[in-house]
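Novice: Here it is: the structure, laid out below.
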Amino acid sequence: MKNLLILGAGTAGTMMANQLRSKLKKDQWKITIVDQYKTHYYQPGFLFLPFDIYTEDQVKKVGKKFIPKGVNYVQKKIDRIFPEENKVKLEDETINYDILIIATGSKIAPEEVEGMKGKNWHKNVFDFYTYEGALALRNKLRDWQGGKMVVHLTEMPIKCPVAPLEFAFLADSYFKEKGMRDKVELTYVTPLSGAFTKEKSAATLGYLLEEKNINLEIDFAIESVDNENNKIIDYGGKEVEYDLLVTIPTNMGDEVIERSGMGDDLNFVPTDHHTLQSKDHENVFVIGDATNVPASKAGSVAHFQSETLTDNILLFIDGKPLKEEFDGHANCFIETGNKKALLIDFNYKQEPVEGTFPFSVIGPLKLLKESVFNHWGKLAFRWIYWNMLLKGIPIPFVGRNMSTKGKKL
Amino acid sequence: METQENALKVDRNQEGYLTDFSQWNKDVGEQIAQEEGIEMTPRHWEVINWIQEQVKADKALSIRGIKKSGVLDIKEFYALFPGGPLKISTKIAGVPKPKSCI
């Protein structure tokens, strides 16, 4: 009996367990998945939680429900990976493996910026990338009387790079609906050279911030959060004042990667861009947010990767060459407020462009353009996530590699 | 800009970034630095080399990365490339500026 071990039962790990259990013979391969947490969160829902669009129950379920029969589910902390010895030490036992899949994700590291996780953390300095942060922010917003709201992005790469912009757009709508938009000064602060950094997006979407009366502060490399005076300060000496700071802290891979000496300085594991094999160990594969590949850190990316990785694990077991197939494909809805959304579909090489999706002409979804239909697509996606994506059921008409159909290239 | 681009004989995007790193050499870097009003010193080149190595190794460029690099501290980085140090230094280095997905 051989052992396939998956670390992490988030989006990527759960999908791999589902896909591989049906492909690997049960009398030859034992599959084990390890995750210390009981709850599986629908992370895209964290964007909606602060605005009372989703409830707590809509964004979390018991993780065990999504792990297929025939997979050994271990709820323990992971202490360290020993890739030279093909074993992983958990809090109170050690598991040997023949093949390892690292799906330990990424998380926020607010302690990386001086003062960010200070005395005002979750008081007037919030994240919304954690369940706790999104919930605390919701409670704050319910009776906030207005003032300066600053939506801030610390540094790239982050999980779901469009989420901070979406948050700013939804905040604009939220305050409008509450009849208090005139009491809120909304500012978007980014370390990048613009809110939109790709040529086509900048050209087609540049109007959004102005239309929503959102101030923009670019090239802002945060040095510290000043909790006494409620302002963020950048290395060049610029300052932005806030009454309510919503920040996306530095995102990093899990500490277990650092403890195991397997990551870069952000604890992301060096991974082949196209095969998803780790660069250092041939029987270690990496998927989702845990990799260092220059794709977006997003559930759709993990989903497309899982299809390639499943094939590659089977090829690896058969001793055949791996498919150099993954192209960085991502497919993301972007909420723009007022019950509209954009859709983007892109990969390592192709930036998001206008067009229709998934079919030419008929769409029905529009690429890089606001539409009400896209918004319903985004809301429908929650159902798709829980009922199809996690279970490894392919999404109709959306292939693992990016298609140029319907795109205006 | 047009004539300088012609003189450089390199392909650049609308914002002046090289679209093909293989066309980069030190003269190209020097020329772009001049456009940005920066006079290159050996210290500048050390930083440019470091940036190119990071990109080659697939590492994301960030101000924090500079802090941890041991090559220079952030205050010096700002002093060498005033304004937006990352977007200016990457342009001189012939590599893409740090971007988001849109």
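The values are calculated or read from the model by the stated rules, or taken from the named source; none is laboratory data. Owing to the predicted nature of the structure, the values given are computational and were not obtained by experimental measurement. No Cβ is skipped: glycine too gets one built from the backbone with ideal geometry, and neighbour counts run over all protein chains shown. The protein model used for the area step is the full one, side chains on, heavy atoms only, and it has no ligands, DNA or RNA in it. Shrake-Rupley method; radii C 1.70, N 1.55, O 1.52, S 1.80 Å.
Novice: Determine whether the stretch A:33-55 contains at least one residue that is of a type outside the set (Gly, Ala, Ser), more than 25 Å from the chain's Cα centre (by Cα), outside any strand (DSSP E or B) and surrounded by 17 or more Cβ atoms within 10 Å (Cβ to Cβ). Break it down stepwise before answering.
Specialist: Taking the stretch A:33-55 first, the residues of a type outside the set (Gly, Ala, Ser) are A:33-44, A:46-55.
Retained after the next criterion (residues that are more than 25 Å from the chain's Cα centre (by Cα)): none.
No - not one qualifying residue is present in the stretch A:33-55.
Novice: Determine, yes or no, whether residue A:196 is of a type in the set (A, V, I, L, M, F, W, C), touching a helix residue (DSSP H, G or I) at 6+ places or on another chain (Cβ under 9 Å) and either at pLDDT 95 or above or open to solvent by less than 10 Å² (accessible area, probe 1.4 Å) (or both).
Specialist: Considered against the rule, which asks whether it is of a type in the set (A, V, I, L, M, F, W, C), touching a helix residue (DSSP H, G or I) at 6+ places or on another chain (Cβ under 9 Å) and either at pLDDT 95 or above or open to solvent by less than 10 Å² (accessible area, probe 1.4 Å) (or both), residue A:196 comes out as no.
Novice: Pairs, please: C-beta under 7 Å, at least 6 apart or cross-chain, first residue within 17 Å of residue A:257 (Cβ to Cβ) and hydroxyl-bearing (Ser, Thr, Tyr) and in the stretch A:82-99, second surrounded by 18 or more Cβ atoms within 10 Å (Cβ to Cβ) and modelled with pLDDT of 95 or more?
Specialist: Every condition considered, the pairs that remain are A:97/A:4; A:97/A:5; A:97/A:86; A:97/A:88.
Novice: Say we look at the stretch A:236-252 and pick out the residues that are in a strand (DSSP E or B) and under 10 Å from residue A:125 (Cα atoms); which of these is farthest from the other protein chains (Cβ to nearest Cβ)?
Specialist: Per the stated criteria, the residue is A:244.
Novice: Quick check on the stretch B:6-32: of everything there that is closer than 21 Å to residue A:192 by Cα and of a type outside the set (A, V, I, L, M, F, W, C), which residue is most open to solvent (accessible area, probe 1.4 Å)?
Specialist: Here the residue is B:14.
Novice: Which residue, of A:284, A:246, A:301, is surrounded by 23 or more Cβ atoms within 10 Å (Cβ to Cβ) and not assigned by TED's automatic domain parsing to the domain that holds residue A:175?
Specialist: Values: A:284 fails: surrounded by 23 or more Cβ atoms within 10 Å (Cβ to Cβ); A:246 fails: not assigned by TED's automatic domain parsing to the domain that holds residue A:175.
Every option except A:301 fails the conditions.
Novice: Still on this structure: Within the set of pairs 6+ apart or on separate chains, which have a first residue in the stretch B:64-83 that is modelled with pLDDT of 85 or more, a second that is among the polar types (S, T, N, Q), and C-beta atoms under 7 Å apart?
Specialist: As it stands, the answer is B:81/B:89, since those pairs meet every condition given.
Novice: What number of residues within the stretch B:64-90 are charged (D, E, K, R) and more than 10 Å from every other protein chain (Cβ to nearest Cβ)?
Specialist: 1
Novice: Just one of (1) in contact (Cβ under 8 Å) with a residue 60 or more places away in the chain; (2) within 24 Å of residue A:86 (Cβ to Cβ) trips up residue A:255, so point out which.
Specialist: (1)
Novice: A follow-up question, please. Look through A:286, A:301 and report the one residue that is within 14 Å of chain B (Cβ to nearest Cβ), under 15 Å from residue A:162 (Cα atoms) and at pLDDT 95 or above.
Specialist: A:301
Novice: Considering only residues that are more than 14 Å from chain B (Cβ to nearest Cβ) and in contact with a Lys or Arg (Cβ under 7 Å, 6 or more places away or on another chain), which ones fall in the stretch A:188-219?
Specialist: Listed by number, the list is empty, since nothing qualifies.
Novice: Please work out if residue A:130 is over 17 Å from residue A:241 (Cα atoms), of a type in the set (S, T, N, Q) and in contact with a Cys (Cβ under 9 Å, 6 or more places away or on another chain).
Specialist: Answer is no for this residue.
Novice: Let me ask another. Does residue A:307 count as in contact with a Phe, Trp or Tyr (Cβ under 7 Å, 6 or more places away or on another chain), among the acidic types (Asp, Glu), away from chain B (no Cβ under 12 Å) and under 22 Å from residue A:159 (Cα atoms)?
Specialist: Against the criterion (in contact with a Phe, Trp or Tyr (Cβ under 7 Å, 6 or more places away or on another chain), among the acidic types (Asp, Glu), away from chain B (no Cβ under 12 Å) and under 22 Å from residue A:159 (Cα atoms)), residue A:307 does not qualify.
Novice: Would you call residue A:141 assigned to a helix (DSSP H, G or I), surrounded by 17 or more Cβ atoms within 10 Å (Cβ to Cβ) and under 22 Å from the mean Cα position of the chain (by Cα)? Break it down stepwise before answering.
Specialist: Numbers: assigned to a helix (DSSP H, G or I): yes; surrounded by 17 or more Cβ atoms within 10 Å (Cβ to Cβ): yes; under 22 Å from the mean Cα position of the chain (by Cα): no.
No: the conditions fail for residue A:141.
Novice: Turning to a different aspect of this structure: Please go through the stretch A:19-30 and pick out each residue that is in contact (Cβ under 8 Å) with a residue 12 or more places away in the chain and surrounded by fewer than 23 Cβ atoms within 10 Å (Cβ to Cβ).
Specialist: Here is the first cut: in the stretch A:19-30, the ones in contact (Cβ under 8 Å) with a residue 12 or more places away in the chain are A:19-24, A:26-30.
Of everything in the stretch A:19-30, those that are in contact (Cβ under 8 Å) with a residue 12 or more places away in the chain and surrounded by fewer than 23 Cβ atoms within 10 Å (Cβ to Cβ) turn out to be A:19, A:21, A:22, A:23, A:24, A:26, A:27, A:28, A:29, A:30.
Quick grid of which residues meet (1) of a type outside the set (Gly, Ala, Ser); (2) modelled with pLDDT of 95 or more; (3) in contact with a strand residue (DSSP E or B) (Cβ under 7 Å, 6 or more places away or on another chain):
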{"site": "A:231", "(1), (2), (3)": "yes, yes, yes"}
{"site": "A:237", "(1), (2), (3)": "no, no, no"}
{"site": "A:243", "(1), (2), (3)": "yes, yes, yes"}
{"site": "A:249", "(1), (2), (3)": "yes, yes, yes"}
{"site": "A:259", "(1), (2), (3)": "yes, yes, yes"}
{"site": "A:262", "(1), (2), (3)": "yes, yes, yes"}
{"site": "A:268", "(1), (2), (3)": "yes, yes, yes"}
{"site": "A:275", "(1), (2), (3)": "yes, yes, no"}
{"site": "A:281", "(1), (2), (3)": "yes, yes, no"}
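Novice: Continuing with the same structure: Has the stretch B:32-54 got at least one residue that is within 27 Å of residue A:223 (Cβ to Cβ), among the aromatic types (Phe, Trp, Tyr) and either in a helix (DSSP H, G or I) or more than 9 Å from chain A (Cβ to nearest Cβ) (or both)?
Specialist: Taking every residue of the stretch B:32-54 in turn, at least one turns out to be within 27 Å of residue A:223 (Cβ to Cβ), among the aromatic types (Phe, Trp, Tyr) and either in a helix (DSSP H, G or I) or more than 9 Å from chain A (Cβ to nearest Cβ) (or both).
Novice: Within the stretch A:116-125, can one find any residue that is more than 29 Å from residue A:341 (Cα to Cα), over 19 Å from the mean Cα position of the chain (by Cα), open to solvent by less than 20 Å² (accessible area, probe 1.4 Å) and not assigned by TED's automatic domain parsing to the domain that holds residue A:257? Walk me through how you get there before you give the answer.
Specialist: Applying the first criterion (more than 29 Å from residue A:341 (Cα to Cα)) to the stretch A:116-125 yields A:116-121, A:123.
With the extra rule that they be over 19 Å from the mean Cα position of the chain (by Cα), the set shrinks to A:116-121, A:123.
Subset that is open to solvent by less than 20 Å² (accessible area, probe 1.4 Å): A:116.
Among the residues that remain, those that are also not assigned by TED's automatic domain parsing to the domain that holds residue A:257 are: A:116.
Yes - at least one qualifying residue is present in the stretch A:116-125.
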